[in-house]
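Following: one structure in structure tokens, then a few remarks.
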Amino acid sequence: MEHQKENWRAKFSAYIALFLPGIFLLGLNIGTGSVTSTAKAGADYGMSLLWTILASCLTTYFMINLYGRYTLVTGETALQAFKKHIHPAVGIFFIIALTVGVCGSVMGVMGIVADICHEWSKTMVEGGISPVYFALFFIILVYFIFWNGKTQFFERALAVIVAIMSASFLLNFFIMMPPPIEILKGFIPNVPQTISGEKSPLLIIASLIGTTVFSGLFIIRTTLVKEAGWTLSDLKKQRNDALFSVTLMFLISGSIMAAAAGTLYVEGIQLSRASQMIELLQPLVGSFATSIFAVGIVSAGVSSQFPNILMLPWLICDYNETERDMSLPKYRLIVFLISILGLVVPIFDAQPVFVMIISQALNAIILPLTVLGIFYLVNRKDLMGTYKANIKSNIILSLILIFAIFTSVTGIKGVIELIN
């Protein structure tokens, strides 16, 4: 009997391990940036921007596969390839650009999580608990796990948190979903009119795309594929893993948008900060649904915080082609400095939604370079051999490049409008 239990556990662990790279990407992708952008889009514009999430997820699936296949064929990660085959400066640019985006994300993530917990705590403690204490708690928790854990432990902890997050948001969808016809209409591409007193929806569109079609996702993907030891014989496994990850991305993001569209949009309530969801949902859908939504947001924040704080040291190790030993003092210091940025929003009472949307829009701006980089690499016969990009792949890549440039221009315009 004991032997059967161990055998079952071993099989279950092996099965879960097949999807760990995808789960890691899901944790990185669905954070409070996604929650904020999709919730605001749903509250302000209903389901009319659902097409943006679908287009972003299809693009992400293709790019994950392409970057992953490059690593399966050559054994090189994206940063190593940029350094060797384009120019070292290109690799350094991506490290700097992604780090800037991650720092903005860390500030926004902890700001939103702390704000949500503060609002939630008001139902139990008069006046609520200060957001600073919540931010400190989650920063210490994540850093403690980082200090004591190994990469495999991070991935498994992330799998549990992602499962909680997914269940929370999907359950919320069924409780608060808008009419099915409104969901179907959301698949028709359109740019809604600017709401009176609000900025143009262009920034929201850019942030929705920027949080899903995230350059760091593709670059980290190659590191995970290489670390998993996958080879060309694992092409099908890589595709299945990517499909699993992107399908959940779409379902979760769509569920968050639907929850806001089915409640706040119907009531004509606009969203300026994530904690408003707690205040406004309670009288509309009750404390049970509100609590589930709060658990989902906190899980999303914690799940994205793991990859966020690890991004810079992982990129440095990848670029230098050194062992990814996170116990080294220099990496622990880097992770600590990035982690404490999570106190900026609660201490200085900044607007976390503003910080997150700007951060996600900036991610969209570097997307064209990410597409151009892989475009060049997969078309080199000396690197890819018989796996060189075919006409179909190049047509899709060209369309994605046009999409990326449109997104980049949209993001720049949105940021300019917000500043002005």
Inset, instruction - Would you check which residues across region 318-333 are assigned to a loop (DSSP other than H, G, I, E, B), open to solvent by 50 Å² or more (accessible area, probe 1.4 Å) and closer than 29 Å to PHE134 by Cβ and list them? - result: SER327
Legend entry - Residues of region 196-230 classified as closer than 16 Å to GLY254 by Cβ and at pLDDT 85 or above, total: 0
Inset, instruction - Return a yes/no flag: does region 68-84 have any residue that is in contact with a Gly (Cβ under 7 Å, 6 or more places away or on another chain), of a type in the set (Phe, Trp, Tyr) and touching a residue at least 40 places away in the same chain (Cβ under 8 Å). - result: yes
Legend entry - Meets criteria (surrounded by fewer than 21 Cβ atoms within 10 Å (Cβ to Cβ) and in contact (Cβ under 8 Å) with a residue 24 or more places away in the chain) for PHE336: yes
Inset, instruction - Only one of these is modelled with pLDDT of 70 or more and open to solvent by less than 20 Å² (accessible area, probe 1.4 Å): SER233, SER291, SER275, SER253. Name it. - result: SER253
Inset, instruction - Please determine, by comparing only the residues of region 166-195 that are exposed (fewer than 14 other Cβ atoms within 10 Å of the Cβ) and part of a helix (DSSP H, G or I), which one is modelled with the lowest pLDDT. - result: PHE174
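To keep it simple, each residue is scored yes or no on (1) touching an Asp or Glu at 6+ places or on another chain (Cβ under 8 Å); (2) closer than 17 Å to ILE292 by Cβ; (3) not basic (Lys, Arg).
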residue: THR99; (1), (2), (3): no, no, yes
residue: VAL109; (1), (2), (3): no, no, yes
residue: GLU119; (1), (2), (3): yes, yes, yes
residue: MET124; (1), (2), (3): no, yes, yes
residue: PHE146; (1), (2), (3): no, no, yes
residue: LEU170; (1), (2), (3): no, yes, yes
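Can you list the helices (runs of 4 or more DSSP H) lying wholly within region 1-95 that have 1 or more residues being out of contact with any Phe, Trp or Tyr (no Cβ under 9 Å at 6 or more places or on another chain) and either open to solvent by less than 20 Å² (accessible area, probe 1.4 Å) or modelled with pLDDT under 60 (or both)?
Result: 2-29, 32-45, 50-74.
The values are calculated or read from the model by the stated rules, or taken from the named source; none is laboratory data. What you see is a predicted model; the values in this text were computed from it and never measured. Here Cβ is always computed from backbone atoms with ideal geometry, including for glycine, and neighbour counts include all displayed protein chains. With ligands, DNA and RNA removed, areas are computed over all heavy atoms of the protein, side chains included. Shrake-Rupley method; radii C 1.70, N 1.55, O 1.52, S 1.80 Å.
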